[in-house]
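Novice: One structure follows; several queries about it will come next.
The values are calculated or read from the model by the stated rules, or taken from the named source; none is laboratory data. Because the structure is a prediction, the values reported are computed rather than measured. Note: ideal-geometry Cβ built from the backbone for every residue, glycine included; neighbour counts use all protein chains shown.
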Amino acid sequence: MIRLVTAGGRGGFTLVELMVAIAIGGVLLTATYELLNTNSKLYYSKENTMVMTQDLRAATDILVRELRMAGCNPTGAGGIGFQNDTSATLIHFTMDFDGDGATTGTNEEIEYYIYSQNQIQSLGRRTGGAVGLVAEYITALAFVYYDSTGAAFTPASATDFNNIFAVDISITAETPKADAITLAKKTDSMTTRVRIRNAGLQ
């Protein structure tokens, strides 16, 4: 048996004991690293998901708030409300907030749709010809329209667009980065029904 001797001549550890100590230390270091690595992945996974959830909720809240006021028309002027390019993936509506019988004022004509910016799919809001970013990493936007009886329908004429009393909004978002645990992007969707406050008032 080989025994390591200290400088003072006293007996020390044997080579076997030293090897066992090193092996145990290595196991403990590996376990500590794996624990820290797992905790780090969980943290970044939750942070990634939180960003997606916040964007999804913010996009939904903004769209719902404005859509409720679609067709605001205190003067009864014609052509105010849902426009004829409104579809299952794009919504376009006007409002007369200042009561001048036109929709040329700020934020009186609004359009929401998905567009690509720097190779990132985003929810865009167009008003006054300018496109503004509402939220990034929005991969899908869908609308379902309901008439005064609560029946779903596809608007195709001026009469149809004037008969939209409620709209289901479905928005799908994805995480900005691949998940640290699954190595794939997560997705989440939110659907809400908006009742149009000004429907049927004209």
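Novice: Which count do you get for residues in the stretch 28-87 that are under 28 Å from the mean Cα position of the chain (by Cα), among the β-branched types (Val, Ile, Thr) and closer than 30 Å to residue 196 by Cβ?
Specialist: Result for the stretch 28-87: 5.
Novice: While we're on this one: Select from the stretch 187-202 the residues that are surrounded by 17 or more Cβ atoms within 10 Å (Cβ to Cβ) and either modelled with pLDDT of 95 or more or among the charged types (D, E, K, R) (or both) and write down the one among them that is nearest to residue 139 (Cα to Cα).
Specialist: Filtering the stretch 187-202 for residues that are surrounded by 17 or more Cβ atoms within 10 Å (Cβ to Cβ) and either modelled with pLDDT of 95 or more or among the charged types (D, E, K, R) (or both), the one nearest to residue 139 (Cα to Cα) comes out as 194.
Novice: Give the residue, chosen from 180, 135, 142, 166, that is under 17 Å from residue 63 (Cβ atoms), in contact with a helix residue (DSSP H, G or I) (Cβ under 6 Å, 6 or more places away or on another chain) and touching a residue at least 12 places away in the same chain (Cβ under 8 Å). First the steps, then the outcome.
Specialist: Values: 180 fails: under 17 Å from residue 63 (Cβ atoms); 142 fails: in contact with a helix residue (DSSP H, G or I) (Cβ under 6 Å, 6 or more places away or on another chain); 166 fails: in contact with a helix residue (DSSP H, G or I) (Cβ under 6 Å, 6 or more places away or on another chain).
Testing whether each residue is under 17 Å from residue 63 (Cβ atoms), in contact with a helix residue (DSSP H, G or I) (Cβ under 6 Å, 6 or more places away or on another chain) and touching a residue at least 12 places away in the same chain (Cβ under 8 Å) leaves just 135.
Novice: Still on this structure, I have one more. Looking only at residues in the stretch 37-69 that are acidic (Asp, Glu) and either in contact with a Phe, Trp or Tyr (Cβ under 9 Å, 6 or more places away or on another chain) or closer than 22 Å to residue 181 by Cα (or both), which one is surrounded by the most Cβ atoms within 10 Å (Cβ to Cβ)?
Specialist: Among them, the one singled out is 55.
Novice: I would also like to ask the following. Take the stretch 152-184 and flag every residue that is of a type in the set (D, E, K, R), closer than 22 Å to residue 124 by Cα and crowded, with 16+ Cβ neighbours inside 10 Å.
Specialist: Residue satisfying the conditions is 174 alone.
Novice: Take the stretch 96-120 and flag every residue that is over 24 Å from residue 197 (Cβ atoms) and either touching a residue at least 60 places away in the same chain (Cβ under 8 Å) or touching an Asp or Glu at 6+ places or on another chain (Cβ under 8 Å) (or both).
Specialist: Quick first cut of the stretch 96-120, residues over 24 Å from residue 197 (Cβ atoms) only: 114-120.
117, 120, listed by residue number.
Novice: Being polar (S, T, N, Q) and either touching a Lys or Arg at 6+ places or on another chain (Cβ under 7 Å) or within 24 Å of residue 73 (Cβ to Cβ) (or both) is the filter here, so list the residues in the stretch 141-191 that pass it.
Specialist: 148, 149, 154, 157, 159, 162, 163, 175
Novice: Can you tell me which residue among 60, 75 is assigned to a loop (DSSP other than H, G, I, E, B), over 17 Å from residue 186 (Cβ atoms), modelled with pLDDT of 90 or more and not charged (D, E, K, R)?
Specialist: 75
Novice: OK, next. Tell me, please, whether a residue that is within 15 Å of residue 64 (Cα to Cα), hydroxyl-bearing (Ser, Thr, Tyr) and buried (at least 18 other Cβ atoms within 10 Å of the Cβ) can be found in the stretch 114-133.
Specialist: no
Novice: Additional query: Identify all residues within the stretch 32-53 that are of a type in the set (Asp, Glu) and either closer than 22 Å to residue 136 by Cα or touching a residue at least 24 places away in the same chain (Cβ under 8 Å) (or both); write none if there are none.
Specialist: Selection gives 47 alone.
Novice: Further question: Report the residue count in the stretch 83-109 for those that are touching a Pro at 6+ places or on another chain (Cβ under 7 Å) and either among the polar types (S, T, N, Q) or not in a loop (DSSP other than H, G, I, E, B) (or both).
Specialist: 1
Novice: Additional query: Going by the conditions given, is residue 131 modelled with pLDDT of 95 or more and either in a strand (DSSP E or B) or under 26 Å from the mean Cα position of the chain (by Cα) (or both)?
Specialist: Spelling it out, it is not the case that residue 131 is modelled with pLDDT of 95 or more and either in a strand (DSSP E or B) or under 26 Å from the mean Cα position of the chain (by Cα) (or both).
Novice: Answer yes or no as to whether residue 32 is at pLDDT below 90 and exposed (fewer than 15 other Cβ atoms within 10 Å of the Cβ). Reasoning before the result, please.
Specialist: Numbers: at pLDDT below 90: yes; exposed (fewer than 15 other Cβ atoms within 10 Å of the Cβ): yes.
Considered against the rule, which asks whether it is at pLDDT below 90 and exposed (fewer than 15 other Cβ atoms within 10 Å of the Cβ), residue 32 comes out as yes.
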